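Participant: Submitted below is the structure of interest, expressed as structure tokens.
The values are calculated or read from the model by the stated rules, or taken from the named source; none is laboratory data. Values in this document were obtained by computation on a predicted structure and should not be read as measured data. Please note: Cβ atoms are built from the backbone with ideal geometry, for glycine as well, and neighbour counts cover all protein chains shown. These accessible areas exclude ligands, DNA and RNA; they are computed on the full protein's heavy atoms, side chains included. Shrake-Rupley method; radii C 1.70, N 1.55, O 1.52, S 1.80 Å.
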Amino acid sequence: MSQEHNAYGYYPGCSLKATAHAYGDSTERVAEVLGLTLNEVADWNCCGATEYMSLSAIPAYSLIARNLSLAAAQGHQEMISPCSACYLNLRKANDSMAKYPALNEKVNRALGAGGLHYDPNSLHIRHLLDMMVEDVGYETIAEHVTKPLSGLKVACYYGCLIVRPRTDGYNPEYPMHLDRLMQTLGAKVVDFPLKTHCCGGHMTQISEETAFELIRRLLHNAADYGADMIVTVCPMCQLNLDAYQPQVNAMFGTNYEIPILFFTQLMGLAFGIPAREVGMGAEITSAAPALGKIGHEEMEPARPKRRDKKSLPMPQP
Amino acid sequence: MMEDRIGVYVCHCGHNIAGTVDVEHVAEWAASLPGVAIARDYKFMCSSLGQELVEKDIQELGLTGVVVAACSPHMHEPTFRRACERAGLNRYLLEMANIREHASWVHQHDVESATEKAKSLISGAVRRVMELEPLEPFMVDINDATMVVGGGVAGINAALELANAGHPVYLVERDPSIGGHMAQFDKTFPTLDCSACILTPRMFDAGNHPNITLLSYSEVEQVDGYVGNFTVRVRQKARHVDTELCTGCGDCWEKCPAKVVDQEYEAGLGYRTAIYRPFPQAVPKYPVIDEESCIYYQKGTCKACEKFCPTGAIDFDQQDTEIVLNVGNIVLATGYDLFDPRRVPQYGYGRLANVFTSLEFERMLNAAGPTDGKVVLRDGITEPKSVAVVHCVGSRDENYNPYCSAVCCMAALKFGHLVKERTGADVTSFYIDIRTTAKNYEEFYHRLLKEEMEFIRGRVAEVTDAARMPGEEGKLIVQVEDTLIGKQRRIPVDMVILMAAMEPRNDATDVAHTFGIGCSEAGFFTEKHPKLDPVATMTDGVFIAGVCQGPKDIPDSVSQGAAAAARVLTLIGQGTIAIEPVRANIDEEHCSGCRICNNLCPYTAIEYLPDLEVSRVNPALCKGCGTCVAACPSQVITGQHFTFDSIMAQIEGVLYDTYNGNGYVSVEHEVPLATG
Amino acid sequence: MEEVQTRKPFFDRVMASTPGGNTLLGCLQCGTCGGSCPSGPDMDATPRKLFAMARANMEEDVLLSNAPWYCVSCYYCTVRCPQEIPITDLMYTFKRMAIESGHYNAESHADFSQSFCGYIEHYGRSFEFGLATRYHLTHHPLQMVRKTGLGFQMIQKGRLNTAPDRIHDMPQLTAILTEAKRIATEDEL
């Protein structure tokens, strides 16, 4: 990792200050251990989540663009967003302004009313996970592992917005970079076919019937594949799967107790950072029982599930 | 010098040109240009009446040059050249002004500009035609041997037609055996006759025909020359088996200890040994050693095949050989690659064991295939109770290939029939549109409807093993919008077959480059004319047949093979062919012998004559590209038909100020030394 | 003479109001969107059907559909669409058009978006506690009882701030949004 590459603009987003403070805390501690400097963009505002775009497009783009403008003006070339929804919105505003000159002109006219301006593509917006695996790299991360997560079976849950609609070279349906990162930490990764399916998003607030069914599917699938926990990269995913898990159980008569943690929390634990410092305990569905396993078992290679042992199988493609 | 008397003919092309360009005005205006004796507009210049108009004027008015302002010269330049010739005017004193593709079609919404542009193009053509000189085409002999590249069903048929007509054919095949994809199939639609039963006799004939030299396991490396006289360098890869001694008995592959997945013939569904014959009916019958998987080549010991070979045919030292062929014509029938469905991750291929490609499934259905024709899951024993057939995988999709792959609908119906016949399983087709357009195809669709194959109109969203509700456990679930109902549905099945698209060969652009032909945007070889010349290419003497030109089924591939052969036979029958005299010519008196042109010529058509210390162009090899003309430091090379003066005159003509009527623009230029 | 009406004014407006919206002309009606949608089963019409209706210029039916309000912004439809149509963005367009025309269905969730954005316009940051209490008290008072338990737990674990977080330069944001709203009334994208 080169010297000039370890300082980044940092856009935490609203969730990391509240519902996902565990994500924020663990990100900051892990960055510290890895020698990364995350410079929080001064006076950033909310990205509008999935709501503002439903009301009016130009104000929605302008709201987002204020952040881009501030970050660029504060001298950042790269801005890291740990929240997938923020990441999507920031990217969307930048990319749409770059692609559609008429939109760019209008948004900049609005920014002008606040004395701001933004040239599309002057800022490179990246998700925290992408920065971790691409810039820091698996090897460096492995070097920092002091307490491998041996024996812990995790389902890697990417959610939607980190790989769609902008894939950045990752597979939009079946990405593997979080899986590989978890293996680097010593965890056992289970296959998780729903890894990029939807957590329900804002539907938990609007239509429980819709949202809880989506959450149930994810919990069911993770349990089906024997996961001890689900690891996420998005505050919304974490909130929906974790906080609503008891209500989902009540609605469907199930009894899932699957802890939902942020990937940075597991990085922190593997790096030997004390649990409290990486926000452990903030989860509604406790991770304590699952974490009891850490450091007690040898790592085994992940084995695909449900392979028929009898008869000559045809070669796998 | 004779006074210029140019005839200008402005074509309406029905509505194609006249709908945008004011043709009457343009013709009237053209009549006023210096040197123009007559200008007319006519509804269809290419009609016989249109041509007669030109012929009559040439004879009655004594025209010295003709400009036809119509379509691209691509199609009708030969038409009007013949008309000129019939009337006694040298065929090279004709110039086409393309006011359709270059004016009316590209400026459809701007009549004024299109009209002005047409005038400008005509002005350039008129100036150019005044500078043209009469030329005579070269006549060259046609070598009656033909090279056919690709031994699939299209190539085999082309080769057999030519050979049966009594002419020598070299059939060059990249793989160890001819047969192509058709040799992998079980049954063919819609007749359900056995693919091997109808193909292998043709393969045998091709392999044993006295007029066919089969070069299997061989690739074309370089092509030089021109129609009638191509020189081709072919590399025959080392089989490591002496075909003079080998009897094809099979002892070698039975004893070979190296078993590998057969990615070629078995499409990854079965195994083969390191020394192998792709399939029992292979032509030729000899095996090859695959060095990548051979234990001897990888580790230095083994040689089991050599020990057991009764005739001593194994030759580990055998090297690739280079063969030079002289042929008059070439038929390309290089076929296709199957789209890799891993690129559509939501369909789970490569991750979900019981998702198969259409080609894998063909092998599974084949009685001689890895499962002896039994339809079973990847575990090798379990018969599926329900099968989904997913259409349009990698086709009709801007993310992969926008074109329709043409054969998948019928193949899907065939699969439906065969699965039902062999297992009684429920079969559901997931389609966007069912396309059954050839003879007896729609009838086959009706037959499957009556056989109770299910049809759900909707492009499959995803195939997953993530069960959501009871009844889905342990199944593959096909999620789709049933668009005829307007509801999302989840259909649990045991097996999924992906109807993967036909794609151009991964090296199609390189092959096109080697043979000097074009590729479409998708990567299929470009035909000379999509309707009227579908098997010829823009390079004379190079023809195309089968799927390398675009997705098509077996009947169409066979037809194209025969059509390409017919086109070759026409040329062979003529015995000689006229070659365009558009060639470079070196003024040897002024040539300094610097030899710069020798190395620049892409066709190695310029040789240096050491005795005379000058360079000379071999007109038979020269393509008239003009590279040497531009490069010659002494400016003593002339491109015939594209002389310096004719090009400058055309530029001046095009720059004619059509808006102000100021007359000709004069282009400042240095006059070449030699012609000045 | 009266001005000639465009043939499909609503359809044209849908395309014009969405960046890249004219790709809608290439819709094959294949149903990949409707098949991929996580909340597809709850929609009264799939996205595919909405596009057919839009093409038939059925403005009222499209804007009254609940489908856009069930969109979870997962973008599956967008990345899978064989015609590269920005379907998720079109759902946002339908929502905006429904709100603008006041045509939306009573059971839609327009006011959730409005409440959410109201806090942003006030504080520059989102305010979950305020949103949860206000929105749920008006819409789902019964669920509120269950949610209260969760709410207390969240507060205890430091995950729900009872007072809003705010940005410093609120006047600047207000000026930008005011101007943006003014520009939004000018014409389409």
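Participant: Residues to consider are B:Ile485, B:Ile491; find the one that is within 13 Å of chain C (Cβ to nearest Cβ), outside any helix (DSSP H, G or I) and open to solvent by 40 Å² or more (accessible area, probe 1.4 Å).
Facilitator: Working: B:Ile491 fails: open to solvent by 40 Å² or more (accessible area, probe 1.4 Å).
After applying the criteria, what remains is B:Ile485.
Participant: If you check A:Asp130 against the conditions, is it of a type in the set (D, E, K, R), open to solvent by 30 Å² or more (accessible area, probe 1.4 Å) and in contact (Cβ under 8 Å) with a residue 24 or more places away in the chain?
Facilitator: On the way: of a type in the set (D, E, K, R): yes; open to solvent by 30 Å² or more (accessible area, probe 1.4 Å): no; in contact (Cβ under 8 Å) with a residue 24 or more places away in the chain: yes.
The answer is no for A:Asp130.
Participant: Report yes if C:Cys30 is open to solvent by less than 50 Å² (accessible area, probe 1.4 Å), touching a Gly at 6+ places or on another chain (Cβ under 9 Å) and within 12 Å of chain B (Cβ to nearest Cβ), otherwise no. It would help to see each step written out before you state the result.
Facilitator: Details: open to solvent by less than 50 Å² (accessible area, probe 1.4 Å): yes; touching a Gly at 6+ places or on another chain (Cβ under 9 Å): yes; within 12 Å of chain B (Cβ to nearest Cβ): yes.
Judged against the criteria, C:Cys30 is a match.
Participant: I'd like the residue in the range C:39-65 that is open to solvent by less than 20 Å² (accessible area, probe 1.4 Å), more than 8 Å from chain B (Cβ to nearest Cβ) and not aliphatic (A, V, I, L, M) and, out of all such residues, is farthest from A:Cys199 (Cα to Cα).
Facilitator: My answer is C:Phe51.
Participant: Still on this structure, I have one more. Going by the structure shown, is C:Pro9 out of contact with any strand residue (DSSP E or B) (no Cβ under 6 Å at 6 or more places or on another chain) and more than 9 Å from chain B (Cβ to nearest Cβ)? Before the answer, list the steps.
Facilitator: Working: out of contact with any strand residue (DSSP E or B) (no Cβ under 6 Å at 6 or more places or on another chain): yes; more than 9 Å from chain B (Cβ to nearest Cβ): yes.
For C:Pro9, the condition - out of contact with any strand residue (DSSP E or B) (no Cβ under 6 Å at 6 or more places or on another chain) and more than 9 Å from chain B (Cβ to nearest Cβ) - is met.
Participant: If we scan the range B:475-482, do we find a residue that is over 39 Å from the mean Cα position of the chain (by Cα) and surrounded by fewer than 20 Cβ atoms within 10 Å (Cβ to Cβ)?
Facilitator: yes
Participant: Then there is this: Name the pairs: first residue in the range C:126-149 and modelled with pLDDT of 70 or more, second residue open to solvent by 40 Å² or more (accessible area, probe 1.4 Å), Cβ to Cβ under 7 Å, at least 6 apart or on different chains?
Facilitator: Qualifying pairs under 7 Å: C:Phe129/C:Asn161; C:Phe129/C:Thr162.
Participant: Taking the residues in the range B:494-524 that are touching a residue at least 12 places away in the same chain (Cβ under 8 Å) and of a type in the set (D, E, K, R) as candidates, determine which candidate is most open to solvent (accessible area, probe 1.4 Å). Step through it out loud before you land on a result.
Facilitator: The first filter runs over the range B:494-524 and keeps only residues touching a residue at least 12 places away in the same chain (Cβ under 8 Å), leaving B:494-506, B:508-509, B:511-512, B:514-520, B:522-524.
Restricting the remaining residues to those that are of a type in the set (D, E, K, R) gives B:494, B:503, B:505.
Working: B:Asp494: 27, B:Glu503: 32, B:Arg505: 67 Å².
Restricting to residues being touching a residue at least 12 places away in the same chain (Cβ under 8 Å) and of a type in the set (D, E, K, R), the top hit is B:Arg505.
Participant: OK, next. If A:Gly48 meets every condition in (1) outside any helix (DSSP H, G or I); (2) touching a helix residue (DSSP H, G or I) at 6+ places or on another chain (Cβ under 9 Å); (3) at pLDDT 95 or above apart from one, which number is that one?
Facilitator: (3)
Participant: Could you list all residues from the range A:25-35 that are in contact (Cβ under 8 Å) with a residue 40 or more places away in the chain and either open to solvent by 40 Å² or more (accessible area, probe 1.4 Å) or closer than 30 Å to C:Gly130 by Cα (or both)?
Facilitator: The first filter runs over the range A:25-35 and keeps only residues in contact (Cβ under 8 Å) with a residue 40 or more places away in the chain, leaving A:25-27, A:29-30, A:33-34.
Within the range A:25-35, A:Asp25, A:Ser26, A:Thr27, A:Arg29, A:Val33 meet the criteria.
Participant: If A:Ala22 passes every condition in (1) farther than 16 Å from A:Tyr87 by Cβ; (2) buried (at least 23 other Cβ atoms within 10 Å of the Cβ); (3) within 7 Å of another protein chain (Cβ to nearest Cβ) but one, which one does it miss?
Facilitator: For A:Ala22, the exception is condition (3).
Participant: List every residue pair whose Cβ atoms lie under 6 Å apart, where the two residues are 6 or more positions apart in sequence or sit on different chains, the first residue falls within the range A:198-215 and is within 7 Å of another protein chain (Cβ to nearest Cβ), and the second residue, located anywhere, is open to solvent by 10 Å² or more (accessible area, probe 1.4 Å) and part of a helix (DSSP H, G or I).
Facilitator: A:Thr210/C:Asp42
Participant: Now for a different question. Pick out the one residue from A:His124, A:His144, A:His117 that is within 14 Å of chain C (Cβ to nearest Cβ) and either in contact (Cβ under 8 Å) with a residue 12 or more places away in the chain or farther than 28 Å from A:Arg66 by Cα (or both). Write out each step before concluding.
Facilitator: Working: A:His124 fails: within 14 Å of chain C (Cβ to nearest Cβ); A:His144 fails: within 14 Å of chain C (Cβ to nearest Cβ).
Exactly one residue qualifies, and that residue is A:His117.
Participant: Tell me, which strands (runs of 3 or more DSSP E) lie completely within the range B:1-85 with 2 or more residues that are over 15 Å from B:Val129 (Cα atoms) and not aromatic (Phe, Trp, Tyr)? Quick ask: steps written out before the conclusion?
Facilitator: Numbers: elements: B:6-11, B:36-42, B:65-70.
Counting at least 2 such residues, we get B:6-11, B:36-42.
Participant: Would you confirm whether any residue within the range A:94-112 is within 12 Å of chain C (Cβ to nearest Cβ), surrounded by fewer than 21 Cβ atoms within 10 Å (Cβ to Cβ) and basic (Lys, Arg)?
Facilitator: yes
Participant: Exactly one of (1) assigned to a loop (DSSP other than H, G, I, E, B); (2) open to solvent by less than 50 Å² (accessible area, probe 1.4 Å); (3) not basic (Lys, Arg) is unmet by B:Glu588. Its number?
Facilitator: (2)
Participant: So, one more: Does A:Leu219 meet the test of being more than 7 Å from every other protein chain (Cβ to nearest Cβ) and either open to solvent by 30 Å² or more (accessible area, probe 1.4 Å) or under 13 Å from the mean Cα position of the chain (by Cα) (or both)?
Facilitator: Taking the combined requirement at face value, the residue does not satisfy it.
Participant: So, one more: Name the residue, out of B:Phe185, B:Phe204, that is more than 29 Å from B:Val355 (Cα to Cα), of a type outside the set (Asp, Glu) and not assigned by TED's automatic domain parsing to the domain that holds B:Phe361. Reasoning before the result, please.
Facilitator: On the way: B:Phe185 fails: more than 29 Å from B:Val355 (Cα to Cα).
Of B:Phe185, B:Phe204, the one residue that is more than 29 Å from B:Val355 (Cα to Cα), of a type outside the set (Asp, Glu) and not assigned by TED's automatic domain parsing to the domain that holds B:Phe361 is B:Phe204.
Participant: Out of the residues in the range B:636-670 that are in contact with an Asp or Glu (Cβ under 9 Å, 6 or more places away or on another chain) and at pLDDT below 90, which is surrounded by the fewest Cβ atoms within 10 Å (Cβ to Cβ)?
Facilitator: In the first step, residues of the range B:636-670 are kept if they are in contact with an Asp or Glu (Cβ under 9 Å, 6 or more places away or on another chain); the result is B:636-638, B:640-641, B:643, B:645-650, B:658-659, B:663-667.
Those still in the list that are at pLDDT below 90 too: B:658-659, B:663-667.
Working: B:Thr658: 17, B:Tyr659: 7, B:Gly663: 9, B:Tyr664: 15, B:Val665: 12, B:Ser666: 9, B:Val667: 10.
Among residues in the range B:636-670 that are in contact with an Asp or Glu (Cβ under 9 Å, 6 or more places away or on another chain) and at pLDDT below 90, the one surrounded by the fewest Cβ atoms within 10 Å (Cβ to Cβ) is B:Tyr659.
Participant: So C:Ile85 fits all but one of (1) facing chain A (nearest Cβ under 8 Å); (2) closer than 30 Å to C:Cys33 by Cβ; (3) among the β-branched types (Val, Ile, Thr); what number is the exception?
Facilitator: Here C:Ile85 meets the rest and fails (1).
Participant: Report whether or not A:Ala72 is in contact (Cβ under 8 Å) with a residue 40 or more places away in the chain, open to solvent by 30 Å² or more (accessible area, probe 1.4 Å) and assigned to a helix (DSSP H, G or I). Working first, answer last.
Facilitator: Details: in contact (Cβ under 8 Å) with a residue 40 or more places away in the chain: yes; open to solvent by 30 Å² or more (accessible area, probe 1.4 Å): yes; assigned to a helix (DSSP H, G or I): yes.
Yes; evaluated as a whole, the condition is true for this residue.
Participant: What number of residues within the range B:476-487 satisfy the criterion of being more than 21 Å from B:Leu365 (Cβ to Cβ), in contact (Cβ under 8 Å) with a residue 24 or more places away in the chain and not acidic (Asp, Glu)? Working first, answer last.
Facilitator: Start the filter on the range B:476-487 by keeping residues that are more than 21 Å from B:Leu365 (Cβ to Cβ), which leaves B:477, B:479-487.
This time we only want the ones that are in contact (Cβ under 8 Å) with a residue 24 or more places away in the chain, so: B:480, B:482-484.
With not acidic (Asp, Glu) added as a condition, the list becomes B:480, B:483-484.
Going through the range B:476-487 one residue at a time, the tally reaches 3.
Participant: Being among the acidic types (Asp, Glu) and at pLDDT 95 or above is the filter here, so list the residues in the range B:187-226 that pass it.
Facilitator: Residues of the range B:187-226 that are among the acidic types (Asp, Glu), as a first pass: B:193, B:205, B:219, B:221, B:224.
Answer for the range B:187-226, where residues must be among the acidic types (Asp, Glu) and at pLDDT 95 or above: B:Asp205, B:Glu219, B:Glu221.
Participant: Residue under question is C:Ala54, and the condition is that it be at pLDDT 95 or above and not in a loop (DSSP other than H, G, I, E, B); does it hold?
Facilitator: On the way: at pLDDT 95 or above: yes; not in a loop (DSSP other than H, G, I, E, B): yes.
It is true that C:Ala54 is at pLDDT 95 or above and not in a loop (DSSP other than H, G, I, E, B).
Participant: With respect to C:Thr133, determine if the residue is among the hydroxyl-bearing types (Ser, Thr, Tyr), open to solvent by 60 Å² or more (accessible area, probe 1.4 Å) and either in a loop (DSSP other than H, G, I, E, B) or more than 7 Å from every other protein chain (Cβ to nearest Cβ) (or both).
Facilitator: Working: among the hydroxyl-bearing types (Ser, Thr, Tyr): yes; open to solvent by 60 Å² or more (accessible area, probe 1.4 Å): no; either in a loop (DSSP other than H, G, I, E, B) or more than 7 Å from every other protein chain (Cβ to nearest Cβ) (or both): yes.
Taking the combined requirement at face value, the residue does not satisfy it.
Participant: Of the residues A:Ser122, A:Ser81, which is farther than 20 Å from C:Leu177 by Cα, among the hydroxyl-bearing types (Ser, Thr, Tyr), crowded, with 24+ Cβ neighbours inside 10 Å and in the same structural domain as A:Cys47 (by TED's automatic domain parsing)? Break it down stepwise before answering.
Facilitator: On the way: A:Ser122 fails: crowded, with 24+ Cβ neighbours inside 10 Å.
Going through A:Ser122, A:Ser81 in turn, the sole match is A:Ser81.
Participant: Keeping to the range B:412-430, report how many residues are touching a residue at least 40 places away in the same chain (Cβ under 8 Å) and either within 21 Å of the chain's Cα centre (by Cα) or open to solvent by 10 Å² or more (accessible area, probe 1.4 Å) (or both).
Facilitator: Within the range B:412-430, the subset touching a residue at least 40 places away in the same chain (Cβ under 8 Å) is B:412-415, B:417-419, B:422-423, B:425-430.
In the following step, the residues that additionally are either within 21 Å of the chain's Cα centre (by Cα) or open to solvent by 10 Å² or more (accessible area, probe 1.4 Å) (or both) were identified as B:417, B:422-423, B:426, B:428.
Summing the residues that are touching a residue at least 40 places away in the same chain (Cβ under 8 Å) and either within 21 Å of the chain's Cα centre (by Cα) or open to solvent by 10 Å² or more (accessible area, probe 1.4 Å) (or both) in the range B:412-430 gives 5.
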